[in-house]
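Asks: Starting off with a structure, shown below.
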Amino acid sequence: MLNVFCISGTVASKPECIVQPNGIKQCVVKVAVKRPYANAQGIYESDLLFLETWRGLADTASMVVPGTCINATGRIAARMSKDGSSERPQYAFVVERMDIVS
């Protein structure tokens, strides 16, 4: 079984970093990934994806600036969240390796 993602895109906004109550640093990076096809108007749209980084990688991610091209690989995490009386899965892209493309 395999649970892997590979994303190549441009950082869309300043990363959002927090320190968890247990002292572990987390940083979320919003990345714009251009679609490989044009819409009906001939425009190539982008998808905005949120990538989670933790600990030492969060320190590195906190320093990237909008407009930087990155490659990220990692795993997809499924977490259950309560929505009223039902539980729904929420998915997160957890980065295990991130390279800055120059």
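Conditions (1) part of a strand (DSSP E or B); (2) within 20 Å of Gln20 (Cα to Cα), marked per residue:
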residue: Asn39; (1), (2): no, no
residue: Ile43; (1), (2): no, no
residue: Leu49; (1), (2): yes, no
residue: Glu52; (1), (2): yes, yes
residue: Ala58; (1), (2): no, yes
residue: Pro66; (1), (2): no, no
residue: Asn71; (1), (2): yes, no
residue: Gly74; (1), (2): yes, no
residue: Arg79; (1), (2): yes, yes
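Asks: Suppose the filter is of a type outside the set (Ser, Thr, Tyr), modelled with pLDDT of 95 or more and in a strand (DSSP E or B); does Gln26 pass it?
Replies: Yes.
Asks: Does any residue of region 70-89 turn out to be over 13 Å from Phe5 (Cα atoms), touching a strand residue (DSSP E or B) at 6+ places or on another chain (Cβ under 7 Å) and among the hydroxyl-bearing types (Ser, Thr, Tyr)?
Replies: Yes, region 70-89 has at least one match.
Asks: May I ask you to list the residues in region 62-94 that are aromatic (Phe, Trp, Tyr) and exposed (fewer than 12 other Cβ atoms within 10 Å of the Cβ)?
Replies: Residues of region 62-94 that are aromatic (Phe, Trp, Tyr), as a first pass: 91, 93.
Tyr91 - this is the single residue of region 62-94 that is aromatic (Phe, Trp, Tyr) and exposed (fewer than 12 other Cβ atoms within 10 Å of the Cβ).
Asks: In the set Glu16, Glu45, which member is out of contact with any Ser or Thr (no Cβ under 7 Å at 6 or more places or on another chain), under 14 Å from Ala92 (Cβ atoms) and modelled with pLDDT of 95 or more? Break it down stepwise before answering.
Replies: Working: Glu45 fails: under 14 Å from Ala92 (Cβ atoms).
Every option except Glu16 fails the conditions.
The values are calculated or read from the model by the stated rules, or taken from the named source; none is laboratory data. This structure is a prediction, so every number in the text was calculated from the model and none was measured. Because the Cβ atoms are built from the backbone with ideal geometry, glycine has one as well, and the counts that use them run over all protein chains shown.
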